[in-house]
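A.B. asks: I have a structure here, written as structure tokens, and I will follow up with some questions on it.
The values are calculated or read from the model by the stated rules, or taken from the named source; none is laboratory data. Because the structure is predicted, anything quoted here is derived from the model rather than measured. Neighbour counts are summed over all protein chains in view; Cβ atoms, including those assigned to glycine, are modelled from backbone coordinates with ideal geometry. Keep in mind that these areas ignore ligands, DNA and RNA; they rest on the heavy atoms of the full protein, side chains included. Shrake-Rupley method; radii C 1.70, N 1.55, O 1.52, S 1.80 Å.
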Amino acid sequence: MIPVFRTILGLVLGGAVARLAALLARLHVAPSRTGRRATRRSFVRNAALGATGVVLAEAVGGFLWFWWPNKTGAFGSEIAVPPSEVPAVGAPPFESTEGRFFLAHNQDGLLAMYTKCPHLGCKVPWVGPPDAPTAYQCPCHGSQYNYNGERTGGPAPRPMDLFAVRVDADGTVHVQTSPDGIQRSAYAPEQAVPYQA
Ligand code: FES
């Protein structure tokens, strides 16, 4: 999809620049209304205006390109987890590699936890089992977390960060991923989103 969009954008911009150049050339050689050819001054003015237009068009194009929403199903966007992947209460969490989160299901509901350690940012893997004091452990500096992402050891300053969760009527779970997770100082039941399979 993105390469196609780039190709279309290139064709449109290329065509616009070519048309502008042709217009400038015509202005330079075409007789004016008074029957005289365009003066050198008018040519320079038109050329300057044309160059300014091209630079502005490129700036606007670059701006639009930068802000064009191109993330779907990737980290930074909302990621859907089908009902078949949602873990049962107390089961090992579902891991979304592209979304960088664990979806855990405790007695209060669902928690989507950012896999990035809040200490120095290493990826925290699941080490299980769910009822062990240490369910996730950072391999870099040893921070440990229980099933709900609460710190149980190591240098991390807080529990694992959360992502917002919403649930569709058909049981599909949507996790809003972001480089900035939702910070918390401890686990509270309100953080979990109730889920009916
Ligand atoms: S980065 Fe947090 S303990 Fe390793």
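A.B. asks: For the stretch 121-167: of the residues being under 21 Å from Glu190 (Cα atoms) and basic (Lys, Arg), which is least open to solvent (accessible area, probe 1.4 Å)?
C.D. replies: Arg158
A.B. asks: Mind checking whether some residue in the stretch 76-88 is at pLDDT below 95, under 19 Å from the mean Cα position of the chain (by Cα) and open to solvent by 60 Å² or more (accessible area, probe 1.4 Å)?
C.D. replies: Checked the stretch 76-88: no residue is at pLDDT below 95, under 19 Å from the mean Cα position of the chain (by Cα) and open to solvent by 60 Å² or more (accessible area, probe 1.4 Å).
A.B. asks: Name the residues in the stretch 107-139 that are more than 16 Å from the ligand (Cβ to nearest atom) and within 20 Å of Gly76 (Cα to Cα), would you?
C.D. replies: Leu110, Leu111, Ala112
A.B. asks: Turning to a different aspect of this structure: Filter the stretch 173-197 down to residues that are touching a helix residue (DSSP H, G or I) at 6+ places or on another chain (Cβ under 9 Å) and surrounded by 16 or more Cβ atoms within 10 Å (Cβ to Cβ), then give me how many there are.
C.D. replies: Result for the stretch 173-197: 2.
A.B. asks: When you go through (1) open to solvent by 10 Å² or more (accessible area, probe 1.4 Å); (2) over 20 Å from the mean Cα position of the chain (by Cα); (3) more than 16 Å from the ligand (Cβ to nearest atom) one by one for Ala104, which number turns out not to apply?
C.D. replies: Exception for Ala104: condition (1).
Matching residues to (1) touching a Ser or Thr at 6+ places or on another chain (Cβ under 7 Å); (2) among the hydrophobic types (A, V, I, L, M, F, W, C); (3) under 14 Å from Ser96 (Cβ atoms):
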position	(1), (2), (3)
Leu111	no, yes, yes
Trp126	no, yes, yes
Pro129	no, no, no
Cys140	no, yes, no
Tyr145	yes, no, no
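A.B. asks: Could you check Gln196 against (1) modelled with pLDDT of 95 or more; (2) away from the ligand (no atom under 16 Å from the Cβ) and say which number it fails?
C.D. replies: Going through the list (1) modelled with pLDDT of 95 or more; (2) away from the ligand (no atom under 16 Å from the Cβ), Gln196 breaks only (1).
A.B. asks: If a residue has to be under 22 Å from the mean Cα position of the chain (by Cα), in contact (Cβ under 8 Å) with a residue 24 or more places away in the chain and not in a strand (DSSP E or B) to count, how many in the stretch 89-101 make the cut?
C.D. replies: 3
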